[in-house]
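These notes are about the structure you will find just below.
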Amino acid sequence: MSGEMKIHLFREMVRIRRFEQTCIKRYSQGDMGGFLITTIGQEATSVAIRSVMTEEDHSISGPRGLGLALASGMSMDSMMAELYGKAGGCNKGKGGVFSMMSPKHHHWGSYPIAAAQTPIALGFGFAMKYRGGDGVAFCLMGDGAMNQGVFHESLNLAGLFDIPVVYVVENNNFAMGTSVERSSAFKDHLAKRAEGYDIDWDVVEGWDLLAVREKLTEARERAQRLSRPTVLEVQTYRFYGFTVADANHKVYRSPEEIEFHKEHRDPIKLWAEVLKSEGLLDDRLETQIHKEAKQEAMAAVSFAAMSREPRKEEIIEGVYWECDHESEASEQGRHFFNDEKLPR
Ligand SMILES: Cc1ncc(C[n+]2csc(CCOP(=O)(O)OP(=O)(O)O)c2C)c(N)n1
């Protein structure tokens with residue numbers, strides 16, 4: 001990897017952290033509603049995923065998806081405005097943290113329903129293969145989502161039909177406030193469950209950017225060359241609660257545990273140390289990168305604040321294809337359930 005690329009990856013992780021830190025401040029001041037789900041402490045996974053993807057590939061995530069959306073190339077402006085519920089947002093302010101998507105960037109959102117993204121990723125992989133392309137689908141999810149039935153259905157089909165999909169499971173030890181020990185009957189590595197579907201699996205320390213990138217590169221090659229899926233378990237830790245409003249996160253985890261991870265397993269700190277040891281980064285450049293990311297986030301706050309509110313008449317636009325396109329159903333005003341036998 002070139003020095004330039006190494007600095008780029010550092011910058012991308014810092015941009016995620018500074019963006020999310022800024023979001024936390026604005027959320028605490030009541031500028032945005034709903035939930036705020038951050039990836040602080042887990043930035044290496046998202047940056048590594050997008051760094052191995054080619055232009056043909058597609059990505060999708062669960063609700064902990066701000067990092068992947070930003071790493072996909074989406075602008076801070078469009079994401080901040082979305083969180084503010086403003087018309088300038090990537091989904092015109094209708095989705096918030098659960099709809100960080102941009103088809104242009106081949107990033108298909110941050111699905112709130114646990115594991116809902118897993119069959120969609122499977123579909124992307126299937127479609128790309130069916131059309132004869134070389135693309136690979138990357139699906140980011142949490143350890144809790146692994147216990148959903150639909151994930152296992154997806155794995156079964158991925159293994160059976162040789163689908164080029166990579167399931168990246170961020171195991172941050174907790175699903176909301178429930179630890180993996182209390183939620184998984186299987187006591188070995190979570191990714192090992194993939195063996196039940198004849199799928200290759202691996203585990204990697206998520207605070208080591210380079211290691212995550214290497215494992216993802218292997219998985220991508222397997223998907224592209226052999227059209228075989230992978231389940232990669234990335235061991236991570238979220239520095240904040242399940243959402244920013246999770247007041248109990250210092251109850252179900254000890255403050256010492258949180259401090260340990262901040263001190264020893266911060267992917268940004270660790271990557272900075274590597275870059276410094278290689279002479280690629282010094283304190284001045286490090287400060288500058290942080291400063292620029294902070295300024296970019298602050299500019300996004302101004303953009304979001306200035307962006308207009310969505311109008312009432314726009315509420316259904318862009319929600320259902322049927323509502324946006326001329327059809328018999330839209331003329332009748334009955335988009336769904338058109339069966340005559342159904343009660344009107
Ligand atoms: C089908 C379904 N059940 C329950 C929920 C409520 N819920 C939201 S997130 C979550 C846990 C997610 O844990 P994990 O997948 O480990 O992701 P993390 O938040 O730790 O990144 C649950 C149970 C949901 N969104 N969808």
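The values are calculated or read from the model by the stated rules, or taken from the named source; none is laboratory data. Computed from a predicted model, the values in this text were never measured in an experiment. Virtual Cβ from ideal backbone geometry, glycine too; neighbours counted across all protein chains shown. Just so you know, the surface numbers come from the protein's heavy atoms only, side chains and all, with ligands and any DNA or RNA stripped out. Shrake-Rupley method; radii C 1.70, N 1.55, O 1.52, S 1.80 Å.
Residues that are within 24 Å of the chain's Cα centre (by Cα) and at pLDDT 85 or above within the stretch 292-340 comprise Glu292, Ala293, Lys294, Gln295, Glu296, Ala297, Met298, Ala299, Ala300, Val301, Phe303, Ala304, listed in sequence order. Among residues that are of a type in the set (Gly, Ala, Ser), farther than 15 Å from Thr230 by Cα and open to solvent by 50 Å² or more (accessible area, probe 1.4 Å), Gly144 is not included.
For Met74, indicate whether it is in a helix (DSSP H, G or I) and at pLDDT 95 or above. When the stated conditions are applied, Met74 does not pass them.
Applying a threshold of 9 Å to beta carbon distances and a minimum spacing of six or more residues, or different chains, the list of pairs starting in the stretch 147-176 at a residue that is in the same structural domain as Asp57 (by TED's automatic domain parsing) and ending at one that is within 8 Å of the ligand (Cβ to nearest atom) and among the acidic types (Asp, Glu) reads Val169/Asp143; Glu170/Asp143; Asn171/Asp143; Asn172/Asp143; Asn173/Asp143; Phe174/Asp143; Ala175/Asp143. On the stretch given as the stretch 151-187, residues that are open to solvent by 70 Å² or more (accessible area, probe 1.4 Å) and of a type in the set (D, E, K, R) total 4. Pairing residues of the stretch 98-121 that are away from the ligand (no atom under 11 Å from the Cβ) and acidic (Asp, Glu) with residues that are at pLDDT 95 or above and open to solvent by 60 Å² or more (accessible area, probe 1.4 Å), at Cβ distances under 7 Å and at least 6 apart in sequence or on separate chains, gives no pairs at all. Inside the stretch 42-63, residues that are open to solvent by less than 10 Å² (accessible area, probe 1.4 Å), within 11 Å of the ligand (Cβ to nearest atom) and not polar (S, T, N, Q) make up a count of 1. State the number of residues belonging to the stretch 122-144 that are in contact with a helix residue (DSSP H, G or I) (Cβ under 6 Å, 6 or more places away or on another chain), within 11 Å of the ligand (Cβ to nearest atom) and over 15 Å from Met101 (Cα atoms). Residues in the stretch 122-144 being in contact with a helix residue (DSSP H, G or I) (Cβ under 6 Å, 6 or more places away or on another chain), within 11 Å of the ligand (Cβ to nearest atom) and over 15 Å from Met101 (Cα atoms): 1 in total.
Look at the stretch 311-338: where a residue is in a loop (DSSP other than H, G, I, E, B) and a partner is open to solvent by 100 Å² or more (accessible area, probe 1.4 Å) and at pLDDT below 75, sitting 6+ places away or on another chain with Cβ atoms under 8 Å, you get Asn338/Gln332. With respect to being in contact with a Lys or Arg (Cβ under 6 Å, 6 or more places away or on another chain) and more than 16 Å from the ligand (Cβ to nearest atom), Ser72 fits the description.
Looking only at residues in the stretch 240-274 that are assigned to a loop (DSSP other than H, G, I, E, B) and modelled with pLDDT of 95 or more, the one that is most open to solvent (accessible area, probe 1.4 Å) is Arg265.
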